[in-house]
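Undergrad: Right, I'll just put the structure down here and ask away after.
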Amino acid sequence: SAVISQKPSRDICQRGTSLTIQCQVDSQVTMMFWYRQQPGQSLTLIATANQGSEATYESGFVIDKFPISRPNLTFSTLTVSNMSPEDSSIYLCSVGLAGGYGELFFGEGSRLTVL
Amino acid sequence: DQQVKQNSPSLSVQEGRISILNCDYTNSMFDYFLWYKKYPAEGPTFLISISSIKDKNEDGRFTVFLNKSAKHLSLHIVPSQPGDSAVYFCAASSFYQKLVFGQGTRLTINP
């Protein structure tokens, strides 16, 4: 298994500002994933963060809005830029282990409220 | 386009009885299916999975059934316990570790 720590756990933000969420894993992993869970909705994949290369974004998500860094095999950040109330969500970092197929491990999530 | 659907937002079951959670999918390319459990203020935790080459997988009180022709999977919990009260998400994958989730079903186990 993997232990994943996310910061901040929650925050209240003003419209137009940006916030960076940090994700730390207790072991080296190749791929890290960032998900969003809007209120009452399912988890939606934002992007896959690969170490040493640009993140791969899913349809509907763009780098200008959700820039991602992956400086090493245990750490990643997701920035939510120029926030609006529609960005109020839980943002979750997840990782899969080598040899696994879909058994992702998730952090506790970062609950953002945009006023 | 919701590729993975959980049509029941909530389910209430008596302690000791069977809980059955259902999930439907539309993408025939999905070849791996998973169930996750989520408590409030925590991230989802992996529960059980099944490959498309199987139609049943058991792990203790949890059994997942897959009906590929109907594009339907279900999670059976027997017997249900109060600690099983949580939101359950089904998920599907057609590419290594890239999951598509359903909307979730809130399961409440009543004593």
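The values are calculated or read from the model by the stated rules, or taken from the named source; none is laboratory data. As the structure is a prediction and not an experimental result, all values here were calculated from the model. Methodologically, a virtual Cβ is constructed for each residue, glycine included, from the backbone with ideal geometry; neighbour enumeration extends over all protein chains shown.
Undergrad: Tell me which residues, restricted to the range A:56-115, are without any contact (Cβ under 8 Å) to a residue 12 or more places away in the chain, at the interface with another protein chain (Cβ under 9 Å from one of its Cβ atoms) and buried (at least 17 other Cβ atoms within 10 Å of the Cβ).
TA: Hits for the range A:56-115 are A:Gly102, A:Glu103.
Undergrad: Looking only at the range B:40-69, count how many residues are more than 10 Å from chain A (Cβ to nearest Cβ) and touching a residue at least 24 places away in the same chain (Cβ under 8 Å).
TA: 3
Undergrad: Considering each residue of the range A:31-47, count those that are at pLDDT 90 or above, assigned to a loop (DSSP other than H, G, I, E, B) and under 18 Å from A:Thr113 (Cβ atoms), and give that number.
TA: Number satisfying all stated conditions: 1.
Undergrad: Out of the range A:11-47, which residues are facing chain B (nearest Cβ under 9 Å) and over 27 Å from B:Gln6 (Cα atoms)?
TA: Once the filter is applied, which keeps residues that are facing chain B (nearest Cβ under 9 Å) and over 27 Å from B:Gln6 (Cα atoms), the range A:11-47 yields only A:Met31.
Undergrad: Which of (1) farther than 20 Å from A:Leu92 by Cβ; (2) modelled with pLDDT of 95 or more; (3) within 14 Å of chain A (Cβ to nearest Cβ) does B:Trp35 not meet, given it meets every other one?
TA: If we test B:Trp35 against (1) farther than 20 Å from A:Leu92 by Cβ; (2) modelled with pLDDT of 95 or more; (3) within 14 Å of chain A (Cβ to nearest Cβ), just (1) comes out false.
Undergrad: Would you confirm whether or not the range B:78-87 contains a residue that is in contact with a strand residue (DSSP E or B) (Cβ under 8 Å, 6 or more places away or on another chain), within 13 Å of chain A (Cβ to nearest Cβ) and either closer than 18 Å to B:Ser10 by Cβ or surrounded by 15 or more Cβ atoms within 10 Å (Cβ to Cβ) (or both)?
TA: yes
Undergrad: Can you pull out every residue in the range B:88-111 that is more than 10 Å from every other protein chain (Cβ to nearest Cβ) and either farther than 20 Å from B:Asn67 by Cα or not in a strand (DSSP E or B) (or both)?
TA: Across the range B:88-111, the qualifying residues are B:Arg106, B:Leu107, B:Thr108, B:Ile109, B:Asn110, B:Pro111.
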